[in-house]
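One structure below.
Each value in this text was obtained by applying a stated rule to the coordinates, not by laboratory testing. All values reported here derive from a predicted model rather than from experimental measurement. Cβ placement follows ideal geometry from the backbone for every residue including glycine, while neighbour counts extend to all protein chains displayed.
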Amino acid sequence: MREDGTRHIVGPFNRVEGDLEVVLDFEGGRVVRAEVVSTLFRGFERILVGKAPLDALTITPRICGICSISQSAAAARALGDAAGLRPPPQGMLAIQIIHGVENLVDHLTHFYLFFMPDFTRPDHAARSWHGAATARFGVGGPAQRSWLEARARIMHVMGILAGKWPHTLAIQPGGVTRAPDARDRLKLVAQIRRLRRWLDETLFGDGAEAFAALGTPSDLLAWRKGDVGRYLAIADDLGLGSIGSGPGLWLSFGAHETAEGPLFARGVRRLDGTGRPGVLEPLDTADILEDPSHAWDAGRPAHPSVGDTLPDPDREGAYSWCKAPRLAGRPAETGAFARQVVDGHPLALGLAGEGGSVHARIVGRLLEVARLAEALERWSIALEPDARFIEHGAMPQEGRGEGLVEAARGALGHWVSIGEGRILRYQIIAPTTWNFSPRDASGVPGPLEQALVGCPEGAMVQHVVRSFDPCMVCTVH
Amino acid sequence: MQTETFYDVMRRQGITRRSFMKFCSLTAAALGLGPAFVPKIAHAMQTKPRTPVIWVHGLECTCCSESFIRSAHPLAKDVVLSMISLDYDDTLMAAAGHQAEAAFEDTIEKYKGNYILAVEGNPPLNEDGMFCIVGGKPFVDQLRRAAEHAKAIISWGACASYGCVQAAKPNPTRATPVHKVITDKPIIKVPGCPPIAEVMTGVITYMLTFDRLPDLDRQGRPKMFYSQRIHDKCYRRPHFDAGQFVESWDDENARKGYCLYKMGCKGPTTYNACSTIRWNDGVSFPIQSGHGCIGCSEDGFWDNGSFYDRLTNIKQFGIEANADEVGMAAAGVVGAGVAVHAAVSALKRAQMKRQAAAPEKISEEA
């Protein structure tokens, strides 16, 4: 057992995107205090200043090779907002198809490549399921192979609509550069149906619709089919449902907006006084503040539309490159589970009522995979090859824009100011910036820092950290 | 010491003999080598000791790894993953924390002078490397440590090769390409943001199979994938020659598939295999999605003015000064027609280069 009062640094973390360290203080074999350290800084917000506004469409996707469509969509929205441009309905559909595929693929890449291999670790060797889990979910094992194959196939959607992935160029402020023709539409529908079959057969072991229709955490535990069933048995045995609770405040910018509105609602939901998730509250982005008091940054707390990024490795009391975003002064958790809670899915609300654990985050992703797959098929059928896919308009000489989307890992915002035809200011708050934020000026820890408190030493720390599906390259950018 | 071959590793990972032979023919095809090379590749993989790979990540966005694991043929990808999964990769490996650091050191110690170092991303040099810390130390230290005993280095993508967007003005972290930090090792650059999956697997398979670098151009890029311009193999080229251009996104001309030069396409000055191999299993590439090429495999593409500025330094309407530079060497290599004899002479040249350094290692292909 770790000695009381001792400090341990866990890192480098593998199977996360980018570099991460976690500093843990133990007492009685459990974490009593955690500091999350983002160790990678590149300075995109500095680089964008002075560039032509549209260059953000090429530069910002390169913040991240995993969520590059999300970055691209957020940049296009921010620029569109500044220019008063909105994509036509069919352009929105095309964007949501590629964005939806990216999010869905990210969720399953997390499940098969990043999260499940932890259960093959020697720490779990004494468990009855360890042998079977190792055979199925080990690195290079049958589950990974099957997913990588299915993944390469569904990525044809990116080829058809976006030319290339990662780092597509097709998404513009007014829509998409490529209008799919009738043949493309057929191919899209076929690929998405094929993926849905794979989900039914391999991931869920039964119809994804049946999984999406689950209403309570106890109904969920009865699911014993497919890779999901294998995971649920492990989660039950290890008690993943009672560890890793975040701040109890969930945030979503509203995901996958088409002409009919967002597929998953925008807003905020928090645990009320009785520990139950409360009503859906509206989101006002004016309540967002980025607080650099524990970041290697010389700035002061500011709204991202007026904020700045001033790297300062000597800042007193700082321990991360990440600034601390706060919503009306409070840390907020974001991601697939947050989206499902905000959207009011009964199973997600049930899991939120149990505290919102490691398990809840995994189930949030699985729910979203099931619901997104259905929407993707609907959207691709609704494509009209003869319609308009883009509106034209010039970038303004002066202007401001806000671009909000939901990346796989949660709420992503871009804020741009344009002056004399150039970018004057560009600020980005990524999902993991919220989830892995350091402390703020009043010393309140970020969501992961809270989730780790009470965690026993050993593999469980890894499960808690990975349950957020961190993307460290987005976090600081 | 017991010698483990690639074939041993593959068999252990459950890959059948039949699949192995299929992999060898795929590899030969991907590298533009004729059927006569299939038994040579098979022989090499069954007799040569496995070459370990250490894969490290600096300032980057992981897009190279993303591209790599999406490589077209599932079998090729399986095999390549099985080749490298035993060693060190901080994105995909199973170990974590101190265990991971130990695996890193073990691999270096065990295979001193014998492993290939694959670098994704680059080291930032400002503030003593503080902008990228791995295992409590600046990434540049990890890079130097791994490079010291590597026999060759692969610089994956625009970051490692040239710097990429994080090196854009004012380059806040002083992100620096690998070859400016490591100057005493053979380095192969595989630029692109990211590189095409099949180019990545092709390069690494070639190196693992033949135990040497492929033939490189003056910039250090493998000729087999980077010796032709996007423009020369672009399916929209006839429209350029005919003076038919897209004037705005998705206009009438765009739907007819006219040339994107006026929309800022950098195809005429970019050397890569996008217009032949294409992306996402050969489905498409940026120009096919209606957007111009941004030249992401060229040095400095991030700082050449707006990505939508029209190129002004190319000859118009098909009169190309540098046709000689372009042609020959590998025109057929990535395309359908296989230029066996060109490839063979490329191999011979590469052999000569290697012979001086390691005369024992090349007898199989002679």
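Got a sec? Which residues in region A:202-241 would a label at A:ASP123 touch, if it sits 7 Å along Cα→Cβ and we count backbone N under 17 Å? Once the point is set 7 Å along Cα→Cβ of A:ASP123, A:234-241 turn out to lie under 17 Å by backbone N, inside region A:202-241.
Would you list B:THR62, A:THR475, B:THR107 from fewest to most Cβ contacts within 10 Å?
Taking fewest neighbouring Cβ atoms as first place, the list is B:THR107, B:THR62, A:THR475.
Quantify how much of the Cα-Cα distance distribution of the protein assembly as shown extends past 36 Å, in percent. Tail of P(r) above 36 Å: 43 percent of Cα pairs. So what is the relative contact order for region A:65-476, in percent, with contacts set as C-alpha pairs under 8 Å and at least six apart? Relative contact order for region A:65-476 comes out at 24 percent. Exposure proxy shown here: for A:TRP129, A:TRP296, the number of other Cβ atoms within 10 Å sets the order, fewest to most, as A:TRP129, A:TRP296.
Of B:LYS112/B:LYS137; A:LYS323/B:LYS169; B:LYS110/B:LYS180; B:LYS189/B:LYS233; B:LYS189/B:LYS223, which pairs sit farther than 18 Å apart, going by alpha carbon to alpha carbon?
Working: B:LYS112/B:LYS137 22 Å; A:LYS323/B:LYS169 23 Å; B:LYS110/B:LYS180 27 Å; B:LYS189/B:LYS233 22 Å; B:LYS189/B:LYS223 11 Å.
Long pairs (Cα-Cα over 18 Å): B:LYS112/B:LYS137; A:LYS323/B:LYS169; B:LYS110/B:LYS180; B:LYS189/B:LYS233.
With both labels modelled 7 Å from their Cα along Cα-to-Cβ, the A:ARG86 to B:HIS43 distance reads 6.9 nm. Multiplying the residue separation of A:GLU260 and A:ASP4 by 0.36 nm and subtracting their alpha-carbon distance yields 86.6 nm. Put +1 on the Cβ of every Lys and Arg and -1 on every Asp and Glu Cβ in the protein assembly as shown; which of A:GLY299, A:HIS130, B:PRO186 then has its Cα farthest towards the positive end of the dipole? Farthest along the dipole direction, towards plus: B:PRO186.
Magnitude of the charge dipole for the protein assembly as shown, about its Cα centre and with charges confined to Cβ atoms of Lys, Arg (+1) and Asp, Glu (-1), is about 2420 debye. Indicate, rounded to the nearest 5 percent, the antiparallel portion of the DSSP beta bridges found entirely in the protein assembly as shown. Close to 75 percent.
For A:LEU424 and A:ALA459, the FRET efficiency from 1/(1 + (r/R0)^6), where r spans their Cβ atoms and R0 equals 41 Å, is about 0.30.
Under 18 Å from a label point set 7 Å out along the Cα-to-Cβ vector of A:ASP287, the amide N atoms of region A:335-351 belong to A:335, A:338-344. If one puts a single equal scatterer on every Cα of region B:228-326 and applies the Debye formula without solvent, what log₁₀ I(q)/I(0) results at q = 0.22, 0.25 Å⁻¹? For region B:228-326, the Cα-only Debye profile gives -1.24, -1.54. Note on A:ARG194 and A:LEU280: the model spin-label points, each 7 Å out from Cα along the C-beta direction, lie 3.6 nm apart.
Ranking A:ALA360, A:HIS345, A:LEU372 by Cα position along the charge dipole of region A:321-382, where only Lys, Arg, Asp and Glu carry charges on their C-beta atoms, puts A:ALA360 farthest toward the positive end.
Orientation-averaged projection of region A:332-424 equals 8.7 nm² [convex hull of Cα atoms, one quarter of hull surface area]. Between B:ASP251 and A:ASP237, the FRET efficiency estimated from the beta carbon spacing at R0 = 60 angstrom works out to 0.50. Spin-label model, A:ALA441/A:ALA132: points 7 Å from Cα along the beta carbon direction are separated by 5.4 nm.
Could you compute the longest span of chain A free of GluC sites (Glu not before Pro) located in DSSP loops and having at most 10 other Cβ atoms within 10 Å, not counting the site residues? By the stated rule (loop sites, at most 10 other Cβ atoms within 10 Å), A:4-259.
How high is the FRET efficiency from A:HIS392 to B:LYS169, r the C-beta distance, R0 25 Å, rounded to 0.05? Efficiency, from the Cβ-Cβ distance: 0.25.
How large is the Kirkwood hydrodynamic radius of region B:6-225, in angstrom, based on all distinct alpha carbon pairs? Walk me through the intermediate numbers first.
Values: mean 1/r = 0.0566 Å⁻¹.
For region B:6-225, inverting the mean 1/r across all distinct Cα pairs yields 17.7 Å.
Extension gain for B:GLN219 to B:THR312 (0.36 nm times residue separation, less C-alpha to C-alpha distance): 31.2 nm. Distances between every pair of Cα atoms in chain A, grouped in 20 Å steps from 0 to the bin holding the largest one, split as 25, 59, 16, 0 percent. For B:LYS185, the aspartates and glutamates whose Cα comes closer than 19 Å to its Cα, not counting residues fewer than 8 places off in the same chain, are B:GLU109, B:GLU120, B:ASP141, B:GLU148, B:ASP211, B:ASP215, B:ASP217.
For region B:6-225, a simple Cβ point-charge model (Lys and Arg +1, Asp and Glu -1, everything else neutral) yields a dipole of about 820 debye relative to the Cα centre. For trypsin sites (Lys or Arg not before Pro), the sites in region B:218-301 that DSSP calls loop and that have at most 14 other Cβ atoms within 10 Å are B:ARG218, B:LYS256. B:ARG12 label point, 7 Å along Cα→Cβ, cut-off 12 Å on backbone N: hits in region A:140-160? Label zone hits: none. Exposure proxy ranking for A:SER245, B:SER25, based on other Cβ atoms within 10 angstrom of each Cβ and starting from the fewest, stands as B:SER25, A:SER245. Counting only Cβ charges, +1 for Lys and Arg and -1 for Asp and Glu, the dipole size of chain A around its Cα centre is about 1100 debye.
Taken one residue at a time, the phi angles of region A:450-460 give Karplus couplings (6.51, -1.76, 1.60, θ = phi - 60°) of 6, 5, 7, 5, x, 6, x, 5, x, 4, 4 Hz. Gly and Pro are set to x.
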